[in-house]
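A.B. asks: Structure below; questions to follow.
Rule-based calculations on the coordinates, nothing more; no lab input. Small disclaimer: the values here were computed from a predicted structure and weren't measured. Every residue, glycine as well, gets a Cβ built from its backbone with ideal geometry; the counts of neighbours run over all protein chains shown.
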Amino acid sequence: MEKGRELLIFERSSPGRTGVRPPTADVPEVDLDKVLPKGAVRGDIEGFPEVSELDCVRHFTRLSNENFGVDTGFYPLGSCTMKYNPKVCEDASRLSGFSRLHPYEPEGLCQGALELMHELEGYLAEISGMDAVTLQPAAGAQGELGGMLMIAAYFRDKGEARRKVLIPDTAHGTNPASCRLAGFDVVEVRSSRDGILTPEAIERLMDDGCAALMLTNPNTLGLFEDNIEKIASIVHSKGGFVYCDGANLNALMGVARLGDMGVDLVQFNLHKTFSTPHGGGGPGSGPLGVKKALEPYLPVPRIRKNGDEYSLEFDRERSIGRLKAFYGNFSVMVRAYAYIRLMGAEGLKRVGEMAVLNANYLKERLKGHFHLPHDRTCMHECVFTDRLQRRYGVTTLDIAKRLMDYGFHPPTIYFPLVVDGALMIEPTETESLQTLDEFIEAMKRIAKEAEEDPHLLKNAPHTTGTARVDETRAAREPVLRWTGSPPTNPDHCT
Amino acid sequence: MEKRGFTCIPHTDEEIARMCGVVGIASVDELLNVLPGELRLTRPLRLPEALSEQEVGSLLRDMSRRNTSTDDCSCFLGAGAYNHYIPSAVDHIISRSEFYTAYTPYQPEISQGTLQSIFEYQTFICQLTGMEVSNASLYDGASAVAEAVLMAGRITGKNHVLLSSTLHPEYRETALTYLEGGGVSSRVLPYCPEKGTTMIQAVEECKDDIACLVVQHPNFFGSLEEIEALSRAVHDKGGLLVVAVAEPLSLGILKPPGELGCDIVVGEGQSFGSPLSFGGPYLGFMATRERYLRQMPGRIVGQTVDRNGKRAFCLTLATREQHIRRARATSNICTNQGLSALACTVYLVLLGRKGLMELSRLNIAKAAYLRKRLLDVKEISAAFTSPCFNEFVIEVDGDPEGFLEELLEHGIVGGLSLGRFYPELDRHILVTATEMNTKEEIDRYGEVAEGLFARSIEETRR
Amino acid sequence: MEFPKDLKYTKEHEWVREEGSVVVVGITDYAQDSLGDVVYVELPQEGGSVTKDEPFGVVESVKAVSDLYSPVTGNVVEVNDAIIDSPEVINDDPYGDAWMIKVELSNAEELNDLLSAEEYQKYIEEEK
């Protein structure tokens, strides 16, 4: 019998089963009709499943088998820094003194947590060369929003109407979206032919209506923005701030500090650089570091240290307010803290160096087999395209799908937008030479297959439990929840 | 002595040399010459030295012991973060690294585990809220409220919003932060001092230019709001009703907001399988009517088929999002809270239909007992008359901070003093009971409280 | 790729067919091809107005969004609701069944600014 598709849990339900039994009431039961207003009580929850614990465990274990994670294999998803997540950091986050701590417990009962957060702020400030750090943002994008709101508040205080933010065309989509959300108009800056920003382009666009330049360094092409110092001084001379999206910080750790290059704000993606797990798409954490001038605007609360005592400070007149409830994604901070202590200063520097070496090694060995639009030393990632394969009708998407058959997660595809058919490869420092060589071998074979048997690629993947998925159908006829009707078996599959 | 390696970096010296050879450089340092010399950091980072795994383990254990967990005290705190039991299977499943070391399921063929579980999560959220569509989750309850307010603005084309004063104060603050950039104005509606619920007349007295009203249910005081009446009032003004649910376990008993005329339901899913963790990560959820689907922020998973006609799932309707629409996206949010949503899904699967209802009843019974026990104390009275779910506000005859500090001496974290959020409630404490609070614990809270007041009377006499 | 001779074109890849005082507007074969499978389309209400060079709607594929720019100014007298339910028609028959709106012209002179089939084809080749 062919292995079928795992049913939805709702389709496994058998009335009367349960997977966990709440404790027997040790207090008198209440008559709902007496304690609740008329009509407030709900009827049965239609479709809610009833399964045993084993049904549940087996269901999710099978689903996990349909997933690919860093622990499964090489995951060179560009700009996502899919590095290995040390297990001791997981254990630390689950210690009951951390995981069973209520956010509104009196400060005296949370000294360990506040101390950890205070120290982590200090570490991040040292790594980036910033003056102050908030750990509150829930993710990189929320850090960006917080930073841009702080810039807006700063100029409001000064009585300056600065409505524009300059953003390079290589930027992540979150950058313009965050700026827009903070009330700014986005002005796109074109990168040079070399894939980086030029002082001339910034000089042309920067004026006293511009609040900031928001860039990513190294940028999404994996290239270091060589002109950063010059660019920052142009922005500063016109009274603006330089925001750096810290998505690609991994390449710079211990090697150079953004704060020393004229950057005024940077958010850290703890789930990238500091090795906290990506969780299948979150939770992440996006602390934000700023220079002195912006410190008064940081979100509340701030953590204060007086002698050996830690406390929370809520009353800060110029703060932008809150970005979320409580203090941030604390258990993610615990993991990042543990990671920094595990690596130490020397280890973090080695992270940056080996991340860069791995990317350059891949780049050198794949060059010639795939088109490399920017042939220069890269940082933590390199970007190829499908130009050589397109003459056989093979696209980036096909290459990505075929990689799955070789046991690899595909790179980031079709991003950055400035490169047509981009394949953005970020190996990270945790991958060994053997793994890189196996990946290179697979890529070379795919390049050969594209020439000899393009159909093999067009129909890939062949070995995964699920064949190529019809994303068009999903968008044309959205089915976004289970409603009880059996799955239709469409006839138009190709 | 031989150089010590790092467990997370596999490169040997010999391999580094070989790789440098391929790249055409003599050393890694040469590679980094791509950075202008003056930008290179010439000193080591001022960070502690590397520790072994064993040392990191004990260091963190020591730090964790400088906290008092809910295991080590009787905790009667809620207020948006609830101490519920998490069945063992939840952590076992979310600890499967196929789940937690994956990223956003961009490649559906090798991400069906994440995708199907999110599809199941979306179904659960719709079932619980009585709505038609759910997204794949947002950061937390507070930012979900902020996103809902912005979404209501896009749908109605209006830029004035009403926030109830009974909405969690930190949710309110978050929404105001998000609104700052959008040129949206807001008004905070008063609550009825007797009932502790939103004043409906305040909605009726507003001008007709509102995008939405946001109300929490049960509200921050634990009181049940009159959702249907609020819904009529806000719809009369042409605005939408956004209901925020901070304690979703209440949905096991209470009529879903979707049946009460609500347009967008958001909330905090922490109660369902996420540990307290000092405030995060938690789980923001959002559900709405199908007609507002294209204005909903965040990732969405849809059902489709693969090439062989087999059921499959993938991220869909992505054109709403930042990576495609950039500055014109519905939100800047990129990820969802994948693992927290998975925990929520597993939790709900385990509880099932009966378990969820049973647990909801148990919570309401525990809170009713706590309420009765505390009100038996002469110096404690109920602040509001409205019915509640698992938390409520008490008024104490004296300084609540002092009262709570005294309780702490007896290992009881007696609740949240409200004066910090509501200056007029300067003798008030929000107390919560869940299935984690035993009868014995509750009785002790009552006894200790009685003793404290008796002692303080004695002290006054002296 | 087709470029019917009887149509006029814009650089934003819309086409225009004259039918008396009304013009029919759609997107070109080249536009649908570069978008890929169209999954969603948003069109103005009948009775509304459109302005030359201003967006009047949106077409979306799975991973791209494209604004529709009006080639002319005038009132929308008819909208092709059928393509809202079946956006795939835009891929199958861009110049026929997938017409989008009919507009009553406010200023017939605007038609003179549009490209001929040859001009449009040449423009596309240069763009590549």
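A.B. asks: With each pseudo-label sitting 7 Å past Cα toward Cβ, what's the A:Ser52-B:Arg154 distance in nm, one decimal?
C.D. replies: 4.6 nm
A.B. asks: Moving on. Once you put a point 7 Å from the Cα of C:Glu127 and another 7 Å from the Cα of A:Lys367, both along the Cβ direction, what distance in nm separates them?
C.D. replies: 3.4 nm
A.B. asks: In vacuo Debye scattering of region A:9-65, one point per C-alpha: log10 I(q)/I(0) at q = 0.21, 0.25, 0.30 Å⁻¹?
C.D. replies: Debye output, listed in q order: -0.92, -1.02, -1.14.
A.B. asks: What is the average number of partner chain Cβ atoms found within 10 Å of a Cβ in C:51-57?
C.D. replies: Partner-chain Cβ atoms within 10 Å, mean over residues of C:51-57: 0.
A.B. asks: Which residues does a label at B:Glu49 reach in region A:342-365, if reach means a backbone N under 18 Å from a point 7 Å past the Cα toward the Cβ?
C.D. replies: Backbone N within reach: A:342-350.
A.B. asks: Between C:Ala108 and C:Gln45, take the C-beta separation as r, use R0 = 30 Å, and let me know the FRET efficiency to the nearest 0.05.
C.D. replies: Approximately 0.80, to the nearest 0.05.
A.B. asks: Please compute the modelled spin-label separation between C:Asp67 and C:Glu118, points set 7 Å along Cα→Cβ, answer in nm with one decimal.
C.D. replies: 3.2 nm
A.B. asks: Which lysines have a Cα lying under 30 Å from the Cα of B:Lys207, excluding residues fewer than 8 positions away in the same chain?
C.D. replies: Cross-link targets: A:Lys324, B:Lys158, B:Lys195, B:Lys237, B:Lys255.
A.B. asks: Report the local net charge at A:Leu348: Lys and Arg +1, Asp and Glu -1, summed over other residues whose C-beta lies under 14 Å from its C-beta.
C.D. replies: On the way: positive: A:Lys83, A:Arg257, A:Lys272, A:Arg341, A:Lys349, A:Arg350, B:Arg43, B:Arg46; negative: A:Glu126, A:Glu346, A:Glu353, A:Glu429, B:Glu49.
Neighbour charge sum, excluding A:Leu348 itself: +3.
A.B. asks: Is the C-alpha gyration tensor of region A:88-342 telling us rounded, prolate or oblate? Criteria: a/c under 1.5 is rounded; beyond that, a/b larger than b/c is prolate, otherwise oblate. Before the final figure, lay out the partial values.
C.D. replies: Details: a/c = 2.14, a/b = 1.56, b/c = 1.37.
Here region A:88-342 falls in the prolate category.
A.B. asks: May I pose another question? Which loop-located trypsin sites (Lys or Arg not before Pro) does region B:205-252 contain, where loop means any DSSP state but H, G, I, E or B and the Cβ has at most 14 other Cβ atoms within 10 Å?
C.D. replies: Hits after loop and neighbour filter: B:Lys207.
A.B. asks: I would also like to ask the following. For chain B, what is the mean residue ellipticity at 222 nm derived from helices alone (per DSSP H run of n ≥ 4: -39500 (n - 2.57); sum divided by total residues; nearest 500 deg cm²/dmol)? Intermediate results must be reported in sequence, preceding the final value.
C.D. replies: Values: 14 runs with 174 residues, N = 462.
Computed ellipticity for chain B at 222 nm equals -12000 deg cm²/dmol.
A.B. asks: While we're here: Can you list the lysines whose alpha carbon sits under 20 Å from that of C:Lys63, skipping same-chain ones fewer than 8 residues off?
C.D. replies: The reachable lysines, counting only those whose Cα sits under 20 Å from C:Lys63, are A:Lys401, A:Lys458.
A.B. asks: Stretch A:Ala25-A:Ser233 to full length: gain in nm at 0.36 nm per residue minus the Cα-Cα span?
C.D. replies: 68.1 nm
A.B. asks: Take every residue in peptide B:81-92, count the Cβ atoms of other chains within 10 Å of its Cβ, and give the average of those counts.
C.D. replies: Per residue, the number of nearby Cβ atoms from other chains is 3 on average.
A.B. asks: Output ³J(HN,Hα) for region B:66-81: one whole-Hz value per residue in order, computed from phi by the Karplus curve 6.51 cos²θ - 1.76 cosθ + 1.60 with θ = phi - 60°, and x for Gly and Pro.
C.D. replies: Taking θ as phi minus 60°, the curve returns 7, 10, 10, 7, 5, 6, 9, 8, 8, 9, 10, 9, x, 6, x, 9 Hz for region B:66-81.
A.B. asks: With runs of 4+ DSSP H residues as the only contributors, calculate the mean residue ellipticity of chain A at 222 nm using -39,500 (n - 2.57) per run, divided by the residue total and rounded to the nearest 500. Each step should come with its number before you reach the end.
C.D. replies: On the way: 15 runs with 172 residues, N = 494.
The helix contribution divided over chain A gives -10500 deg cm²/dmol.
A.B. asks: Shape of chain B from its Cα gyration tensor (a ≥ b ≥ c, root eigenvalues): rounded if a/c is under 1.5, otherwise prolate when a/b > b/c, or oblate?
C.D. replies: It comes out oblate by the Cα gyration axes.
A.B. asks: If you average the alpha carbon positions of region B:282-342 and of region A:1-77, how far apart do those two centres end up, in angstrom?
C.D. replies: Going from one Cα centre to the other spans 22 Å.
A.B. asks: List, in order, the whole-Hz ³J(HN,Hα) value for each residue of region B:272-284 obtained from phi through the Karplus relation with A = 6.51, B = -1.76, C = 1.60 and θ = phi - 60°; use x for Gly and Pro.
C.D. replies: Values, residue by residue: 8, x, 9, x, 4, 6, 6, x, x, x, 10, 9, x Hz.
A.B. asks: Can you tell me the Rg and the Dmax, both Å, for the Cα atoms in the protein assembly as shown?
C.D. replies: Rg then Dmax for the protein assembly as shown, in Å: 29.4, 105.
A.B. asks: Express in nm, to one decimal, how much length is gained between A:Asp91 and A:His455 on full extension, taking 0.36 nm for each residue of separation and deducting their alpha carbon distance.
C.D. replies: Extra length available between A:Asp91 and A:His455 comes to 126.4 nm.
A.B. asks: A further question on this structure: If you take every DSSP beta bridge fully contained in region B:88-347, what fraction is antiparallel? Give it as a percent rounded to 5.
C.D. replies: Values: 14 of 31 bridges.
So the antiparallel bridges amount to about 45 percent of the total.
A.B. asks: What average count of beta carbons from other chains do you get within 10 Å of the Cβ of residues in A:283-295?
C.D. replies: Values: counts 16, 7, 2, 2, 0, 0, 0, 0, 0, 0, 0, 0, 0.
Counting other chains' Cβ atoms within 10 Å and averaging over A:283-295 gives 2.
A.B. asks: Counting other Cβ atoms within 10 Å, keep those with at most 12, restrict to DSSP loop, and tell me which trypsin sites (Lys or Arg not before Pro) in region A:306-402 are left. Display every interim value, and only then the final one.
C.D. replies: Details: sites: A:Arg316, A:Arg318, A:Arg322, A:Lys324, A:Arg335, A:Arg341, A:Lys349, A:Arg350, A:Lys363, A:Arg365, A:Lys367, A:Arg376, A:Arg387, A:Arg390, A:Arg391, A:Lys401, A:Arg402; in loops: A:Arg316, A:Arg318, A:Arg322, A:Lys324, A:Arg376, A:Arg391.
Hits after loop and neighbour filter: A:Arg391.
A.B. asks: Within chain A, what percent of beta bridges assigned by DSSP are antiparallel, to the nearest 5?
C.D. replies: 55 percent
A.B. asks: Positive end of the dipole of the protein assembly as shown, charges at C-beta (+1 Lys, Arg; -1 Asp, Glu), about the Cα centre: which of B:Ser58, A:Leu7, A:Asn219 has its Cα farthest in that direction?
C.D. replies: B:Ser58
A.B. asks: Using only alpha carbon positions, build the gyration tensor of region C:8-127, then give the equivalent ellipsoid semi-axes as the square roots of 5 times its eigenvalues, largest first, whole angstrom.
C.D. replies: Numbers: eigenvalues 82, 66, 27 Å².
Three semi-axes, in Å: 20, 18, 12.
A.B. asks: Can you list residues from other chains, or at least 5 along the same chain, whose modelled amide H is less than 5 Å from the amide H of B:Ser186?
C.D. replies: B:Val161
A.B. asks: Post the alpha-carbon centroid distance, region A:290-320 to region B:73-115, in whole angstrom.
C.D. replies: A separation of 31 Å, based on Cα centres.
A.B. asks: So if we plug the beta-carbon distance of A:Lys292 and A:Glu188 into 1/(1 + (r/R0)^6) with R0 = 25 Å, what FRET efficiency do we get, rounded to 0.05?
C.D. replies: 0.25
A.B. asks: Could you derive backbone 3J(HN,Hα) for region B:195-202 from the dihedral phi with the Karplus parameters 6.51, -1.76 and 1.60 (θ = phi - 60°), listing whole Hz in sequence and x where the residue is Gly or Pro?
C.D. replies: 7, x, 10, 4, 6, 5, 4, 4
A.B. asks: Distance between Cα centroids, region A:144-210 to region C:45-82: provide it in whole Å.
C.D. replies: Using only Cα atoms, the two centres lie 30 Å from each other.
A.B. asks: Using modelled backbone amide H atoms (1.01 Å from N, in-plane), which distant-in-sequence or interchain residues come within less than 5 Å of A:Gly78's amide H?
C.D. replies: Excluding prolines and chain starts, which carry no amide H, the hits are A:Thr412, A:Met424, A:Glu426.
A.B. asks: Right, next: Pick out, in residue order, every one of the GluC sites (Glu not before Pro) in region A:1-55 that is DSSP loop and has at most 13 other C-beta atoms within 10 Å; say none if there are none.
C.D. replies: Of the GluC sites (Glu not before Pro), the ones in loops of region A:1-55 whose Cβ has at most 13 other Cβ atoms within 10 Å are A:Glu2, A:Glu29, A:Glu46.
A.B. asks: Further question: Could you work out the relative contact order of chain B, using alpha carbon pairs under 8 angstrom and six or more residues apart, expressed as a whole percent?
C.D. replies: 19 percent
A.B. asks: Could you compute the longest span of chain B free of GluC sites (Glu not before Pro) located in DSSP loops and having at most 13 other Cβ atoms within 10 Å, not counting the site residues? Don't jump to the answer; show the numbers that get you there.
C.D. replies: Numbers: sites that count: B:Glu2, B:Glu49, B:Glu194, B:Glu205, B:Glu424.
With a cap of 13 other Cβ atoms within 10 Å, the longest stretch comes to B:206-423.
A.B. asks: Shape call for chain A from the C-alpha gyration tensor, a ≥ b ≥ c root eigenvalues: rounded (a/c under 1.5), prolate (a/b greater than b/c) or oblate? Please report the intermediate quantities before stating the final value.
C.D. replies: Numbers: a/c = 1.69, a/b = 1.05, b/c = 1.61.
Oblate is the answer for chain A, as a/c is 1.5 or above yet b/c matches or exceeds a/b.
A.B. asks: Right, something else. Can you give the % of DSSP beta bridges in the protein assembly as shown that are antiparallel, to the nearest 5? Before the final figure, lay out the partial values.
C.D. replies: Values: 79 of 115 bridges.
DSSP beta bridges in the protein assembly as shown are roughly 70 percent antiparallel.
A.B. asks: Turning to a different aspect of this structure: What percent do you get for the relative contact order of region B:88-347 when only Cα pairs under 8 Å and 6+ apart count?
C.D. replies: Details: 573 pairs, mean separation 70.8, N = 260.
For region B:88-347, the relative contact order is 27 percent.
A.B. asks: Going by amide H atoms built from the backbone, whose H comes under 5 Å of the H on A:Asn67, apart from near neighbours?
C.D. replies: Placed amide hydrogens put B:Gly113 under 5 Å from A:Asn67.
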